[in-house]
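Down below is the structure, laid out as structure tokens.
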There are 2 protein chains.
Amino acid sequence: MSFVVYINGLVMVFFAALMEVDAAFFPETAEVFGLAGFLAGTVGVLLSIAASTASRDLRRLHTFVLTASIWLVAAIVGAVPLWLWQLAPVDALFEAMSGITTTGSTVMSGLDDTPRGVILWRAILQAVGGVGFIVTGIALLPILRVGGMQLFRTESSDKGDKELRNAAVFASATLQVYLCLMGVCALVYVAGGMGPFDAITHAMTTLSTGGYSGYDASFGHFQSPFLQWAATLFMLLGALPFAWYIRGIYRRRFRSEQVEAMLVTLAVVIGGLTLWLVLTRHEAPLTALRMVAFNVVSVVTTTGFATTDYTLWGPFAAMAFFILTAVGGCTGSTAGGAKAMRWLLIARAVWHQLRMIQSPHRVAVIRYEGQAVEDDVMAGVISFFSIYMATFMTLVGVLALFGLDLATAMSGALTALANVGPGVGDIIGPAGNFAALSDPVKLVLVLGMYLGRLEMLTVFVFLTPAFWRELTA
Amino acid sequence: MSFVVYINGLVMVFFAALMEVDAAFFPETAEVFGLAGFLAGTVGVLLSIAASTASRDLRRLHTFVLTASIWLVAAIVGAVPLWLWQLAPVDALFEAMSGITTTGSTVMSGLDDTPRGVILWRAILQAVGGVGFIVTGIALLPILRVGGMQLFRTESSDKGDKELRNAAVFASATLQVYLCLMGVCALVYVAGGMGPFDAITHAMTTLSTGGYSGYDASFGHFQSPFLQWAATLFMLLGALPFAWYIRGIYRRRFRSEQVEAMLVTLAVVIGGLTLWLVLTRHEAPLTALRMVAFNVVSVVTTTGFATTDYTLWGPFAAMAFFILTAVGGCTGSTAGGAKAMRWLLIARAVWHQLRMIQSPHRVAVIRYEGQAVEDDVMAGVISFFSIYMATFMTLVGVLALFGLDLATAMSGALTALANVGPGVGDIIGPAGNFAALSDPVKLVLVLGMYLGRLEMLTVFVFLTPAFWRELTA
Ligand SMILES: [K+]
Ligand SMILES: [K+]
């Protein structure tokens, strides 16, 4: 267990270093970030020294504790400078959890006049959270067998250490691809007319599918069609599986069923909504296409940028965006949601079932990427959806208990769980803000973002008595 | 295939006979029901004579066609007298489908002044639909292996004819239990002060968990606490598995995991909501308990009677009732919804998964009633939930496309699919009425009720190309 403490100490030191970088660049908030960095660094160093002699042999259950604790520690440490700056404790935690989980819901308004050091910190949280989630998705969740992610286990043995070594190689390649895409995105944004600071921070929140912006109008602040199309492209790139990039670069293999499924879905939805917008609201086709493509890609990739308040397009659009919130990007990307892979497997399971009830004695299997999908993968996917629904309903119930209306409760719970950001409705819609909600509601949403990011099962394992028996054994 | 036509002909003759009974008792609408009965009877006799020489050897696929067609024919035939009376065609179809599927949503208002012959016909549709669904659930769905219902296959061989013979025995016992409970219910209602007509029609719509009433105020018309508690009890009895009654009578075996799960769930929900109502709205505890017990049991058993507009209890209550709409009663009862058995299996699958991801190499199985649940049953249950969600979302999308607001669209789609009846919100809530909706919306809801009653998979089988290849082969 003390190895878990050791790693968390290192995480704190890492965040401390980032705070000092922020302090170095922005004098206005240098004191805040300098002090926060000093505090986080001191605690981090003490913890890792105290636990440095720990055995590095992670027991399986410790991997759960490690994963769950890192994300919690990161959110709390990330909240410190925001709290020292001027946010109330609950607001600071909300903003930091929303950042590190790349959700992007905000309780802050007046962003245009907020010190740039704070804006940078929000972008840093999302950039770090984004790559952290890719690594979690590629390296940890498959080992933990959470939600069918064992489908992506490397061919290596079941031994934890070998997988972790493979994971280190993967993580390094991932980081390179991620930083590279982020750099290109920033350059394209500059080419489109953004200033360097805006370009860098928005590139960080685009590729991480985080969606924090330095402006109250979100990406709508930039009225350039070029920039909007560029953001559409890079949001999409952030929601593709990073293992697919790496495989593409090293092995020139680009077929991927979940990438294809996501692209086809996007094309159909964007086409349909554009047509609907042109027919019912008489928009110019190209403008409609740009608006729809940006906002649909933003929601499906779980980025949550907005260029316009699409909920004003009427109940059908509001419904469509509500449903799209649940879709999510690809596994092993920065995106949240249920993920294209799982929808694909569920759809195939249903089709399989329709064939089976017609001809009960036929022999057939469900395939993914040409391979038969094993039963435990399907069981994981199904448990994921079941727990997703149960968590969603529980959150909605609790939010309603705190007085939220049905639509806001449902949309708030879903946008938190799927790490999307904006919801539907007046309060938390793309033109709204989470500031008006009460503290208990904010804390419920913080829990929702955390559960969503860890794909729920990672956390709910702690609720079984057997876990505690084995942990203390 | 012509055996399917033959059976449907007999169904029409059966409904014709019921219409003539209605005509015999109520002179005011005797012409309408007499004519409708003559038409239905003539067509029915002609069809069954034309197809009477058909082979009775049902191929597997024909069982699907038979099941799907009977329910559609029954709704259309049931609509004829309502249409001849005064309803518009779409309204008549809505009312009849809502009756035969025991949904109980109504487009009629001014029920208090509606001819009693029409009120009786609505009750007859629900009484017939209720027992029809029990038989479908006990005899047909297990053979069709729809939604995991093969769990309830009798031990006999896979041969269709033997199962059908068992089914006939079961159907006869079921009908006796059903009529017996209905009779007792009517007597209790009379003892509580109802007139004979009200007692009989409300007993028919209570035991069938249908929920049609002869009054606009629904069961709230009867302000007697005794009657409300009596209805609470008999709604519950209608939502228990009829195979469980029969087993209890013949073998004195009363343990049933899904019955226990439903009762525990009801106790917890009723207790919690009562407490909440007492604390937040300062109701007298016993009044609160009666109101909550009646309305919760009404929604969970998918009856849909209302004694009060519970949506006025605030957003938390609205949310709670919205979620309860999805729960449903037990398999093999008259109730709709997802059914207690399926929730239980899903909950166990999730728990199983939480144990498995902790200790991947442990050997364990999911059990139901002491037996290991086979993989194809779990696959059926999962497909059921997946298709349920997909159908729900599609219906919501289509309803939103026709201009319904999000809450009404969601609640309308769910209450139709789960065959509950009332929704949440001003328009279709317990104090509202479906009359204000446009014709296309009504037709979408008719489709929803039909799909919900047939547990979706039975109908969606028709969407696979393989079905048509085999059917025409
Ligand atoms: K986001
Ligand atoms: K009903």
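The values are calculated or read from the model by the stated rules, or taken from the named source; none is laboratory data. Note that the coordinates shown come from a computational prediction; the quantities given were computed from them, not determined experimentally. Don't worry about glycine lacking a Cβ; one is built from the backbone with ideal geometry, like all the others, and counts go over all protein chains shown. Surface accessibility is based on the protein's heavy atoms, side chains included, excluding ligands, DNA and RNA. Shrake-Rupley method; radii C 1.70, N 1.55, O 1.52, S 1.80 Å.
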Residue in the stretch A:138-155 that is in contact (Cβ under 8 Å) with a residue 24 or more places away in the chain and within 16 Å of ligand 1 (Cβ to nearest atom) present: no
Residue among B:192, B:160, B:147 that is modelled with pLDDT of 85 or more and of a type in the set (Gly, Ala, Ser): B:192
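Which one of these is surrounded by fewer than 22 Cβ atoms within 10 Å (Cβ to Cβ) and away from every other protein chain (no Cβ under 12 Å): A:440, A:422, A:465, A:430?
On inspection, the qualifying residue turns out to be A:440.
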Residues of the stretch A:405-417 satisfying the condition of being within 23 Å of the chain's Cα centre (by Cα) and either among the hydrophobic types (A, V, I, L, M, F, W, C) or at the interface with chain B (Cβ under 7 Å from one of its Cβ atoms) (or both): A:407, A:409, A:410, A:413, A:414, A:416, A:417
All positions within the stretch B:335-347 that are open to solvent by less than 10 Å² (accessible area, probe 1.4 Å) and either free of Cβ contacts under 8 Å to residues at least 40 places away in the same chain or within 12 Å of chain A (Cβ to nearest Cβ) (or both): B:338, B:342, B:345
Candidates B:350, B:292, B:300, filtered to the one that is within 15 Å of ligand 2 (Cβ to nearest atom), touching a helix residue (DSSP H, G or I) at 6+ places or on another chain (Cβ under 8 Å) and either among the β-branched types (Val, Ile, Thr) or away from chain A (no Cβ under 14 Å) (or both): B:300
Residues satisfying the stated conditions in the stretch A:89-121, i.e. open to solvent by 20 Å² or more (accessible area, probe 1.4 Å) and of a type in the set (S, T, N, Q): A:106, A:109
Condition check for residue B:123: within 16 Å of ligand 2 (Cβ to nearest atom) and in contact (Cβ under 8 Å) with a residue 12 or more places away in the chain: yes
Close pairs from the stretch A:74-85: first farther than 21 Å from residue A:4 by Cβ, partner among the hydroxyl-bearing types (Ser, Thr, Tyr), Cβ under 8 Å, at least 6 apart: A:81/A:29; A:85/A:29
Residue check, residue B:107 modelled with pLDDT under 90 and closer than 30 Å to residue B:35 by Cβ: no
Qualifying residue in the stretch A:230-246 (condition: open to solvent by 60 Å² or more (accessible area, probe 1.4 Å), more than 16 Å from ligand 1 (Cβ to nearest atom) and free of Cβ contacts under 8 Å to residues at least 40 places away in the same chain): yes
Whichever residue in the stretch B:261-305 is open to solvent by less than 20 Å² (accessible area, probe 1.4 Å) and touching a Phe, Trp or Tyr at 6+ places or on another chain (Cβ under 7 Å) and, among such residues, is nearest to ligand 1 (Cβ to nearest atom): B:299
Filter result for the condition that a residue is of a type outside the set (Asp, Glu) and at pLDDT below 90, over B:458, B:415: B:458
Residue within the stretch B:355-378 that is among the aromatic types (Phe, Trp, Tyr), closer than 30 Å to residue B:174 by Cβ and within 14 Å of chain A (Cβ to nearest Cβ) present: no
Number of the exception - residue A:309 against (1) touching an Asp or Glu at 6+ places or on another chain (Cβ under 7 Å); (2) open to solvent by 30 Å² or more (accessible area, probe 1.4 Å); (3) more than 14 Å from chain B (Cβ to nearest Cβ): (1)
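Using the structure shown, decide if residue B:102 is over 21 Å from residue B:24 (Cβ atoms) and among the hydroxyl-bearing types (Ser, Thr, Tyr).
Answer is yes for this residue.
Can residue B:331 be described as within 20 Å of the chain's Cα centre (by Cα) and away from ligand 2 (no atom under 16 Å from the Cβ)?
Numbers: within 20 Å of the chain's Cα centre (by Cα): yes; away from ligand 2 (no atom under 16 Å from the Cβ): yes.
The answer is yes for residue B:331.
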The stretch A:383-392: number of residues that are at the interface with chain B (Cβ under 9 Å from one of its Cβ atoms) and open to solvent by 20 Å² or more (accessible area, probe 1.4 Å): 4
Lone qualifier among B:344, B:324 - being touching an Asp or Glu at 6+ places or on another chain (Cβ under 9 Å) and modelled with pLDDT of 85 or more: B:344
Residue selected from the stretch A:393-404 under the condition facing chain B (nearest Cβ under 7 Å) and within 24 Å of the chain's Cα centre (by Cα), by the criterion most open to solvent (accessible area, probe 1.4 Å): A:393
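State the number of residues belonging to the stretch A:453-462 that are of a type outside the set (A, V, I, L, M, F, W, C) and within 10 Å of chain B (Cβ to nearest Cβ). Give the steps one after another, and end with the answer.
Step one: filter the stretch A:453-462 for residues of a type outside the set (A, V, I, L, M, F, W, C), giving A:453, A:455, A:458.
The next check asks that each one be within 10 Å of chain B (Cβ to nearest Cβ); those that pass are A:458.
Matching residues across the stretch A:453-462 total 1.
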Extreme residue, nearest to the chain's Cα centre (by Cα), among residues of the stretch A:137-148 that are open to solvent by 10 Å² or more (accessible area, probe 1.4 Å) and under 17 Å from residue A:176 (Cα atoms): A:138
